[in-house]
Every structure is written in C-alpha cells, then in structure tokens.
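Read the structure below first, then the notes.
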Amino acid sequence: MEINKLIRKEIVDVNVAVEDWQGAIRAAGKLMVEDGAVEERFSDAMIRVAKEFGPYIVVAPGIALPHARPEDGVIKPSIAIIRLSTPVNFGNEDNDPVYLVVALAAIDNEQHIDGLKQLAKVLGNKDKIVEIKAATTKEELLNAFLNA
Amino acid sequence: MVKLCAVCGMGLGSGLLVKMGIERVLERHGYGRNDFRVEIADISTARSMSPDIFMTTAEFAKSLRDVNAEVLTVKNLFDESEIEATLMDVFERILNEKK
C-alpha cells in the first residue's frame, strides 16, 4: 500500500500537549478516530498492549510505536504521527523520554509493510531525525516522512 | 543456512522492523537467501521455534533467557549500525560452524 495513503495530513500533528504516556497514545488514537481510520476502542487496545508487553513499544531513542491488533477496531490501514510539545516517559530505561509517537493501525500482516519500510528509512536517518525535531507545522512533519 | 527469528509482542510492528534491519545488514555484507532466513514471531510463539539466533528488545530477551539459541538485543530498532554491531560476529561464527 502506498505510503501517502498510510500517512496522511489528517493524522499528523505537532506540538501536542499530553500529561503522560497514556495521554500520548490517546492523542494519536483520537486523530485516527476523527479521520475514520479506527474505532474508538483502538486507543484502549493500544494502551492494553503497552501494559501487557511492557514499554518495548519505545523502539528507538525518543520514539514510541504503539499498535494493537487488526480486530481491535481498525477500519483502514494507517500510521498516525504526533510530535509532543513536552516529552513524556514510557518506562523504557534505554529510550525515554518520548517526543514522537508513531501509532500503527494494521488490517493484516501485509498492507502496512511498505509503510514500515518507509518509517525505517526515515527514522534510521540522522538528518531526518533533525528535520522531524525541527518541524514547526504538520505539513513539515508530514513532508519529512513522505520525501525520503 | 543460519535461521534467525525477530521477536516482538504481536508480530506486526517491531518484529517486522527488526527483520527488515537484519535483511538489509546481511545483504549489504554480501549474504543471500542461501545463507540466512529471517522469520518473525510474537513472544507467545517464539519459545516453540528453534532458530540459531533470536533478535529482540531487552524486555522480550528476558523471557527467552533459557532457550537453546543465541539471544541478541537491540535498543534502537531503526539503527542498522547497532544491528550490524550486535549481529555480525555471532552470525558469521554460526555460519562457519555449519559449513
């Protein structure tokens, strides 16, 4: 599936203020609900997964990748990306605090693979990380992910 | 043929990232599909698999402590140089043992 269908302006945001890690996951979930990408229960499912498996969802320094199962209310494959105004701790001693939340809604094991490949390309690139941290608008943040 | 297994919570997200990282690193070192195979497993099925190398994050490594395989951990799943530094010596040793 094409990357610009998975990552869309409607589910990207910057300067998102949250109180804690659960708020960070809910903020990403809210964007996806408003966009019709997932049902409301998807946020609860992402939080349940994070509690069940521990803070492994912080997959890189400052970057959390919350996700849940397709049957937890995914309507269309999507990747929501929010940059927090103030980083929060997820309880991962290696990679806290988290400034970027990349929430993954998958409908199966296949549709989002191109999206993950693009994420790996962008988030494994130090120049891109600088660009992501410096983005002041959602358009700039979106472009950092799409133009790689 | 070295069998590798990338382990995560559900087999949907981070396991796939680890698999892609391993494949890119090994291919860059000139290894191909006759040399290695990477599978993804969620943590509940990982213990029933028998790869030569598990690669995962610190949390899942704890529950793989007593398996009969190398268990390698990565902190930054997007960092190919970390995957490379963790993986190459172990991979090449096992590959040579099997020759």
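For the pair B:ASP66 and B:ARG33, the difference between a 0.36 nm per residue extended length and the Cα-Cα distance amounts to 9.0 nm.
Summing charges over neighbours of B:GLY15, with a neighbour being any other residue whose Cβ is under 10 Å away from its Cβ, gives -1 when K and R count +1 and D and E count -1. Please compute the Cα-Cα pair-distance distribution of chain A with 5 Å bins starting at 0, giving whole percents from short to long. Bins of 5 Å from zero give 2, 11, 22, 25, 23, 14, 4, 0 percent of pairs. Taking every protein chain into account, the accessible area of chain B amounts to 47 square angstrom per residue (probe 1.4 Å).
Once neighbouring chains are kept in place and the probe is 1.4 Å, which whole percent of the accessible area of chain A is contributed by carbon and sulfur? It is 47 percent, rounded to a whole number. Normalised Debye scattering of the range A:1-79 at q = 0.25 Å⁻¹ gives log10 I(q)/I(0) of -1.38, counting only Cα atoms as equal scatterers and leaving out solvent.
Here the contact order of chain A, divided by its residue count and restricted to Cα pairs under 8 Å and six or more residues apart, works out to 31 percent. Taking the 1.4 Å solvent-accessible surface of chain B as the whole, the part contributed by carbon and sulfur is 44%.
Phi angles across the range A:13-29 convert, under the Karplus curve 6.51 cos²θ - 1.76 cosθ + 1.60 with θ = phi - 60°, into 3J(HN,Hα) values of 7, 10, 6, 8, 8, 9, 8, 7, 5, 5, x, 5, 5, 5, 5, 5, x Hz, Gly and Pro given as x. If R0 is taken as 22 Å, the Cβ-Cβ distance between B:LYS99 and B:LYS3 corresponds to a FRET efficiency of 0.90. Sequence-distant contacts, meaning Cα pairs under 8 Å at least 6 residues apart, place the relative contact order of the range B:2-89 at 36 percent.
Ellipsoid fit via the Cα gyration tensor, the protein assembly as shown: semi-axes of 30, 19, 16 Å, each the root of five times an eigenvalue, largest first.
A quarter of the convex hull surface defined by the alpha-carbon atoms of chain B gives 5.6 nm² as the mean projection.
Net length available on complete extension from A:GLU10 to A:ASN125 is 39.0 nm, with 0.36 nm assigned per residue and the Cα-Cα distance removed. In sequence order, the range B:89-99 has phi-based couplings of 4, 5, 4, 5, 5, 5, 4, 5, 4, 7, 6 Hz under the Karplus curve 6.51 cos²θ - 1.76 cosθ + 1.60, θ = phi - 60°, and Gly or Pro positions carry x. Considering only beta bridges that DSSP places wholly inside the protein assembly as shown, some 35 percent are antiparallel. Among the listed pairs A:LYS51/B:LYS75; A:LYS30/A:LYS51; A:LYS30/A:LYS133; A:LYS76/A:LYS126; A:LYS128/B:LYS75; A:LYS126/B:LYS19, those whose Cα-Cα separation exceeds 24 Å are A:LYS76/A:LYS126. Looking at chain A alone, DSSP beta bridges between its own residues are antiparallel in about 60 percent of cases. Take the accessible area of chain B alone and of chain A alone, subtract that of the pair, and you get about 1900 Å² summed over both chains, using a 1.4 Å probe.
The values are calculated or read from the model by the stated rules, or taken from the named source; none is laboratory data. What you see is a predicted model, and the numbers here were worked out from it, not measured in a lab. Reconstructed Cβ throughout: ideal geometry from the backbone, glycine too, with neighbour counts over all protein chains shown. For accessibility, only protein heavy atoms count, side chains too; no ligands or nucleic acids. Shrake-Rupley method; radii C 1.70, N 1.55, O 1.52, S 1.80 Å.
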